[in-house]
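The values are calculated or read from the model by the stated rules, or taken from the named source; none is laboratory data. Worth saying up front: this structure is predicted, and the values here are computed from it rather than measured. Backbone-built Cβ (ideal geometry, glycine too); neighbour counts: all protein chains shown. Note: areas computed on protein heavy atoms with side chains; ligands, DNA, RNA excluded. Shrake-Rupley method; radii C 1.70, N 1.55, O 1.52, S 1.80 Å.
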Amino acid sequence: MDWLENLLFNSDSIAHIVLLYSIVISLGVLLGRVKIFGVSLGVTFILFVGILMGHFGFNGNLEIINFVQDFGLILFVFCIGLQVGPSFFSSFKKGGISMNLMSIATILLNITVMVVLWLCLFDKEDLPMMVGVLCGAVTNTPGLGAANEALSQVGYSGAEIANGYACAYPLGVVGIIGATILIRFLCRIKLDKEKEALSQEEAANQPGKPHRMYVEVTNPALDGITIKRLRELSNRDFVCSRIHQNGIVNIPNKDTVLHLGDHLLIVCACDETEAIITFIGKEVDADKEFDISHSPMVSRRILVTEEDVNGKTLAQLSLSGKFGVVATRIYRAGIELFAKPSQRIQVGDRIRVVGPSDAVDRLASRLGNSQKHLDHPNILTIFIGIFVGIIFGSLPIAIPGMPTPVKLGLAGGPLIISILISRFGYKMKLVSYTTVSANLMLREIGLSLFLASVGIKAGGNFINTVVEGDGLLYVLCGFLITIIPIICIGPIARLKCKMNYFTLMGMIAGTYTDPPALAYANQVAGNDAPALGYTTVYPLSMFLRIITAQVLILILG
């Protein structure tokens, strides 16, 4: 039976460590599916199983556990960066400025409440524990990883921060949802009125969405000019995908000459519709004229999978000149975009084109149109990004007034580089696209390894901290850190910024990077408003949660 004893208790055995992680992660995932009052802890339950195993003496070689913990953290935050990167910069546009400002205010208030409680109730040595409480109260595991990695720079042990996180996390999940419900009653919000107001707002606010219309040329000044000249004179972005001229439907190009009475099938942004109709002539009903079901022309979506076209504009591809087809719309990550000439395409886009069947087939061959090719994750980009991210995170940054230079570390460095690669990688011939399932798989593996490692290391002291120490006080502090900022900022966003309640629910969930709160908001709303609020603030919130957790340790430590 020596083999069994060696497998279960030899901490230096690789088989023992693999077995330990397998047990911790599998039990954590299973228990994380259990719902209490409709709320589950999800993959975070791995942390609690790891603490339990560590408490009963099931441990492993510390150097190996540290390596697994750091590698899991790097993989997790890098994949998060790839996910949020495409929307990170667009979230600062006009529609998201107010929401992101409210989100920043909430994050700063979370930190303020934590610092005040720490200074009033605890000693300086309790800082790691309180930073862990902060990360648990806002349900942000990457922040925990970043702070844990920063502890090594200032000489603290990492066990306390995991204990604080474990104390605050359960009530953090409940507190976010509870505070959101409290705002509803404080502001006397009626859900039916919110749904009606949201419908009216959505109907009036779709300026960038593609619009398809038929227009008859009645402006005498346009008789005899080309499509290219028409676009120049109108000073508007639009695509003329088909023209009905002399009883024949054709695909126009920039040199096609217009005549009075021609019918044009035009695709443009919604807010350009009225101006284009006024300039060209009048809108008509011409569905039957443009029916191409019995013609050699086809309308098809083409999947972009060729890496050498990644980042090129539609104008650079010269679809009309080289292939004789017209692009009208681009579908990207569930969003429909108008295919203007300056629009850059990315691997993973689907382009709606119209043209002769053989021409569309040639374009499809040029763009790839291979789902099988797209299913393979770009491992090269991932590991190049991690390599650059680790170097970037290791660079010392001198800040006046701080005794030691600040480093972004193993969390901040890869996060920033992954965001930049996902947005600008095409300029360096890097394809950042990964399927949703591949990204989620890598993220979950990284997060599971990190949580299991932190839990196993912290398990030896957790029970004593909670039972014999100030465990209940830490739980109370975490609850206050969770709800006070929501109760303060939520009514301001509602009453001053006139934010729809469903969007506000999503904004709160995104600010706290909390999927259970988003799931609750979706259930209550029954529409996409919570998801819109969540995705608008999530990229910046995730970035700030990770960076501020490190900065707190480095400044206050």
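Going by Cα centres, segment 249-281 and segment 481-506 are how many Å apart?
First find each Cα centre; the distance between them is then 45 Å.
Okay, which of segment 351-368 sit inside 15 Å, backbone N to the point 7 Å along the Cα-Cβ direction of ASN253?
355-356, 359-360, 363
Would you grab the residues whose amide H sits under 5 Å from the one on ASP349? Only those 5+ places off in sequence or on another chain, please, with H modelled 1.01 Å from N.
Those qualifying (amide H under 5 Å, at least 5 residues apart or on another chain) are VAL304.
Mind checking the full-extension length gain between ILE104 and THR313? Use 0.36 nm per residue of separation minus the Cα-Cα distance, one decimal, nm.
Taking ILE104 through THR313 to full extension adds about 71.8 nm, to one decimal.
Fully extended, how many nm does the chain gain between VAL34 and ARG332 (0.36 nm per residue separation, minus their Cα-Cα distance)? If you can, show how the numbers build up before the last one.
Numbers: separation 298, 0.36 × 298 = 107.28 nm, distance 3.47 nm.
Result: 103.8 nm gained on full extension.
Can you figure out the FRET efficiency of THR112 with ALA197, using R₀ = 30 Å and their beta-carbon distance, to the nearest 0.05?
Efficiency at R0 = 30 Å is approximately 0.40.
Excluding LEU447 itself, what net charge comes from residues whose Cβ is under 15 Å from its Cβ, given Lys and Arg +1 and Asp and Glu -1?
-2
Per residue, how many Å² of accessible area does segment 294-378 show with a 1.4 Å probe?
It amounts to 48 Å² per residue over segment 294-378.
Can you tell me the order of 132-138, 68-74 when each peptide is scored by its average per-residue count of other Cβ atoms within 10 angstrom, highest first?
Top to bottom by mean Cβ count within 10 Å: 132-138, 68-74.
Ignoring any ligand, DNA or RNA, what whole percent of the accessible area of segment 214-255 comes from carbon and sulfur when the probe is 1.4 angstrom?
With neighbouring chains kept in place, the figure for segment 214-255 is 40 percent.
Determine, from the Cβ-Cβ distance of LYS496 and ILE397 and an R0 of 35 Å, the FRET efficiency 1/(1 + (r/R0)^6), rounded to the nearest 0.05.
Computed FRET efficiency for LYS496 and ILE397: 0.45.
Using mean Cβ contacts within 10 Å as the protection proxy, how do 341-347, 497-503 order, highest first?
With the highest mean Cβ count within 10 Å placed first, the list reads 497-503, 341-347.
Per-residue counts of other Cβ atoms within 10 Å, averaged by peptide: what ranking do you get for 269-282, 180-193, 414-427, highest first? Can you show the working numbers first?
Working: 269-282: 16.2, 180-193: 13.4, 414-427: 22.1.
For the peptides 269-282, 180-193, 414-427, the packing ranking is 414-427, 269-282, 180-193.
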